[in-house]
Amino acid sequence: MYIANSLVYLQWIERPVKDTVIRYASSHGTRVSFKKGAIIIPEGSVAEHAYVVIKGWAAYYLNNLCGEERIASLVGPRRIFGLGPAFDQLPVSGSIQAIEDCEAYKISRKDLIQAMLEDINLGIEMVSIVTLRLRSILEGENIFSSLTTPNQRLIYYFVSLLQSGEQKKHGNGDWYELPVNLSHERIGEIISASRSTVCRMISQCKHTGKLKTVRNRLFIHRGLVEEYGVIEIDGSTDARLLTKI
């Protein structure tokens, strides 16, 4: 998270990769698909590939000492996962799973190393991607542990999804379709709240007209987030949403 011109930029979901990475992945990678719930990279495995998501969403899962897993970070379209583990060749400390049907380009470790040797700019971008992945996980810990109430954490979870740039505007521009829908239990794991607490908060928001569900997709009204700060959409093409402090 950083602050500029009194606007808070959350970085729990990192920016999409550059077009050079997409082009390389499409020309050197293999297109693969995964069903919702599929484990793409198992915990404890040594990764031999990185994946550039084309469609759908995946998630990093971490296990605590009690064996309970929770989502540490989300990966959406035009984002990459498995890059760091493919490079360091150490057993993966968590798992990466598809949280909805998704498609991706799978790129081998050999091809990734060759790309770094042949194209310094592509190599720099790969290093940046690994850094952003670490930053996003730390950001999640910062956001969802520092806010005092479950309601605040839920709002910032929504804002993080809106700032991903993958949301869709509906109606007169006051409603946004969240890019990914998680169960109340999974949202609770992210924001450190029980399933019943998340269910109650979402029901209250629906009752006040700030949330709605249409065909199993969750829509958020900008007024819900504006209770905590003014929402603005900047003039750039990615239509990021910014919360004012």
**Complete:** For the chain, the charge dipole (Cβ of Lys, Arg +1; Cβ of Asp, Glu -1; about the Cα centre) points to a positive end, and the Cα of GLY173, ILE187, VAL159 closest to that extreme belongs to GLY173
**Message:** Please compare each pair in LYS18/LYS168; LYS18/LYS55; LYS18/LYS212 to a cut-off of 27 Å on the Cα-Cα distance and tell me which ones are over it.
**Reply:** LYS18/LYS212
**Neighbourhood charge, 13 Å Cβ-Cβ cut-off, centred on HIS28 and excluding it, Lys, Arg +1 and Asp, Glu -1** = +2
**Complete:** A chain fully extended from ASN142 to CYS66 at 0.36 nm per residue, minus the present Cα-Cα distance, gains in nm 25.1 nm
**Request:** Name the aspartates and glutamates eligible as straight-distance cross-link partners of LYS210: C-alpha to C-alpha under 14 Å, and not fewer than 8 places from it in the same chain.
**Result:** ASP174, GLU177, GLU226, GLU227
**Request:** Using the number of other C-beta atoms within 10 angstrom as an exposure proxy, rank CYS66, CYS205, CYS199 with the fewest first.
**Result:** CYS66, CYS199, CYS205
**Request:** Please name whichever of LEU134, PHE144, LEU83 sits farthest to the positive end of the charge dipole of the range 2-144, dipole taken about the Cα centre and charges placed at Cβ: Lys and Arg +1, Asp and Glu -1.
**Result:** LEU83
**Message:** Assuming 0.36 nm per residue, please report the length gained on full extension of the stretch ALA38 to THR131 beyond their Cα-Cα distance.
**Reply:** 30.9 nm
**Complete:** Correct semi-axes for the range 107-175, from √(5λ) of the alpha-carbon gyration tensor and rounded to whole Å with the largest first, are 34, 19, 8
**Message:** Need one word for the range 52-113: rounded, prolate or oblate. Basis is the Cα gyration tensor (sqrt eigenvalues a ≥ b ≥ c); a/c below 1.5 gives rounded, then a/b vs b/c decides.
**Reply:** oblate
**Prompt:** Which value in nm describes the separation of the simple spin-label points at LYS18 and ASP88, placed 7 Å from the Cα toward the beta carbon?
**Reply:** 2.4
**Request:** For a footprinting-style exposure proxy, rank TRP12, TRP57 by other Cβ within 10 Å, fewest first.
**Result:** TRP57, TRP12
**Fill in**
Karplus-derived 3J(HN,Hα) from phi for the range 80-88 (6.51 cos²θ - 1.76 cosθ + 1.60, θ = phi - 60°), whole Hz, x at Gly and Pro, runs 10, 9, x, 5, x, x, 5, 6, 7
**Theoretical gain in end-to-end length, GLU118 to HIS28 [0.36 nm per residue, Cα-Cα removed]** = 31.0 nm
**Prompt:** With each run of n ≥ 4 DSSP H residues scored as -39500 (n - 2.57), what mean residue ellipticity at 222 nm is computed for the chain after dividing by its residue count and rounding to the nearest 500 deg cm²/dmol?
**Reply:** -11500 deg cm²/dmol
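Each value in this text was obtained by applying a stated rule to the coordinates, not by laboratory testing. Please read all numbers here as calculations on a predicted model, not as lab measurements. Here the Cβ is made from the backbone with ideal geometry for all residues, glycine too, and neighbour counts use every protein chain on show.
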